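To start, the structure itself, in C-alpha cells.
Read-outs throughout are calculated quantities, based only on the coordinates presented, and are distinct from any laboratory measurement. It should be emphasised that the depicted structure is a prediction, and the values quoted were computed from it without experimental measurement. Neighbour counts run over all protein chains shown; Cβ positions are idealised from the backbone, glycine included.
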C-alpha cells in the first residue's frame, strides 16, 4: 500500500494526463474575470478554466481503476492488439504508469514495437490521436521507414497536453507535472530539450489539517486487509458518514489524485503502477515544448474527426466525419478512455468481448482546473501548496498551487476532482470564478 505522502506526490495530474489532464475550455482564452462584489480578497484580473468532461475528444481527464472482475489486468487487455490490425495506446493502457504523461509516452513506444513486430516493411500505419502516445508511436514508426498518417480531431495537436498562457506564464490545462523524475522517460525528453524545470515540494504546504490526515491514515490501514481489492472500493473501509475534516482528506488524497470518488475507486487502484522515484517537476516553459520535441517533423492532420474504423485481413479503413476515408494496413488508436466508453468511434467488426469488458472496467475520471491571475499575491508567497476546506463544502477548492512560488507571477491554480468537478463542469465561467473567490475569501478571513 502506498503511503499518504506517495499518494500526494503522485497526484493532482502531472499528467492527466492530468493526464492531467486536457480538453476544450469553457473559456478558451484568458478573460476578464467576473466581478465578485465588495470582498476583502482582490478580484482576479484574468482566468483560465477547463471542463474536460464536455470535451468530445476527451470526455474525461484520465482513467482510473473501477471495481471489476478484471482488476488491474484491464489495462493489459486494453493494450492488446486485435487481429494484428488494431493497436491501442494511451495512459489508460499503461500498467506501469497509468494516468500520467510519461505513461502515455511509454505506451506509444510500446505500440510502435508491437506494430514493427507484425508489419511488413513500408506498410502504411494510421494513428488516431496526437498526444504523447500518438506522436511517440508515429515518430518511432517513421524512423523505421513506415508510412504514417496521424489523424487529430481537434484544431491543435497534443490531446490532453495543452499549454495556454496567462500573465506570461505557461498555464497547463491538462498535464502539469513530470511525476517521479528519476528513471523517467519524460525526464529524458526534458534533458534532451534543454528546458528548465521547477522541483515541486508537496510537503511545503500551508493550511493542511494534520488531524484529518492522521484520521484518514487510521482507516487506510484497513485497505491492506481487504480480501478482494479488485472488487472492493476504497469507500468500503471508510466511515459511512465521515466528518467534514475526513471528507476533505479523502478528497485531497483520492478525488484529486485519481479524479474519482472513493466510492468509485477500487482498492487495487491504490496499488497499481510502479513506484515513482525522484521529485515531481513543473515546467516553467511549458509541457507543449516537450511534446514538440517528441513530435519532431511528424506531420499531423488536424480537424480529422474519426467516426468509424473497419478492420479485416486486408487492412483498415478509417471513416472521417463527412464521409472521407483513409485506408491503411494497420491502425493505432490512442483516444482517451472517455471516448472509448462513449463509443463515438464505431468498430466494424465490433471489438472483442474481452476488450469491451476492459473498457467498462476502467473509469473516466475528471479533474478540472482554474487558473486565477491577480495584480499581486495576497497569500503565503513561500508555500508550494495552499490547502483549506470549508466545513459545509469540504471537497470544494481545497487544494491550490502557488504560482508565485513556482513561476514568479501572482497566479493561483485551483483543482476540483471527482463529483465536485462534475458539478462545476457545466457551470458558467462567472459561476466557477465566483465560487473560487468565495473560497479564497474564506481562506483569507
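Neighbour counts of other C-beta atoms within 10 Å: give me 442, 228 arranged from fewest to most. Mind showing how you got there, number by number?
Numbers: 442 15, 228 12.
Ordered from fewest to most neighbouring Cβ atoms within 10 Å, 442, 228 come out as 228, 442.
Taking the Cα atoms of the range 104-169, report the difference between the largest and smallest coordinate on each principal axis, in whole Å and largest first.
In descending order, the Cα extents are 50, 22, 16 Å.
Which of the peptides 105-111, 118-124 is most tightly packed, and how do the rest follow, judged by the mean count of other Cβ atoms within 10 Å per residue?
The peptides rank, most packed first, as 105-111, 118-124.
Please report how far the C-alpha centroid of the range 406-445 lies from that of the range 103-137, rounded to the nearest whole angstrom.
Comparing the Cα centres of the range 406-445 and the range 103-137, I get a distance of 38 Å.
Per residue and in cubic angstrom, what volume does the convex hull of the Cα atoms of the range 309-380 have?
In the range 309-380, the Cα hull volume divided by residue count equals 172 Å³.
Let me know the shape class of the range 70-228, please: from the alpha-carbon gyration tensor, a ≥ b ≥ c as square roots of the eigenvalues, rounded when a/c is under 1.5, otherwise prolate if a/b is greater than b/c, or oblate.
Numbers: a/c = 2.54, a/b = 1.44, b/c = 1.76.
Oblate, since a/c reaches 1.5 and b/c is not below a/b.
Could you tell me which label, among (i) 68, 25, 17; (ii) 40, 23, 22; (iii) 36, 25, 19, carries the value of semi-axes √(5λ) of the Cα gyration tensor in Å calculated for this structure?
The calculated read-out lines up with (iii).
Shape of the range 336-445 from its Cα gyration tensor (a ≥ b ≥ c, root eigenvalues): rounded if a/c is under 1.5, otherwise prolate when a/b > b/c, or oblate?
The shape class here is prolate.
So, R0 is 45 Å and r is the distance between the beta-carbons of residue 444 and residue 188; what FRET efficiency does that work out to, to 0.05?
The computed FRET efficiency comes out at 0.60.
Does the range 228-284 come out rounded, prolate or oblate, given a ≥ b ≥ c as the square roots of the eigenvalues of its C-alpha gyration tensor, rounded meaning a/c under 1.5 and, failing that, prolate meaning a/b above b/c?
Note, shape of the range 228-284 comes out oblate.
Within 10 Å, count the other beta carbons around each residue, average over each peptide in 200-206, 152-158, and list them highest first.
So the peptides 200-206, 152-158, ranked by packing, come out 152-158, 200-206.
For the chain, what does -39500 (n - 2.57) per DSSP helix run (n ≥ 4), summed and divided by total residues, give at 222 nm, in deg cm²/dmol to the nearest 500?
So the calculated ellipticity at 222 nm is -8000 deg cm²/dmol.
So, in nm, how far is label residue 381 from label residue 274 when the simple model puts each one 7 Å beyond its Cα toward the Cβ?
4.1
Take residue 225 and residue 202, extend 7 Å from each Cα along the Cα→Cβ direction, and tell me the distance between the two endpoints in nm.
Label-label distance for residue 225 and residue 202, simple model: 2.6 nm.
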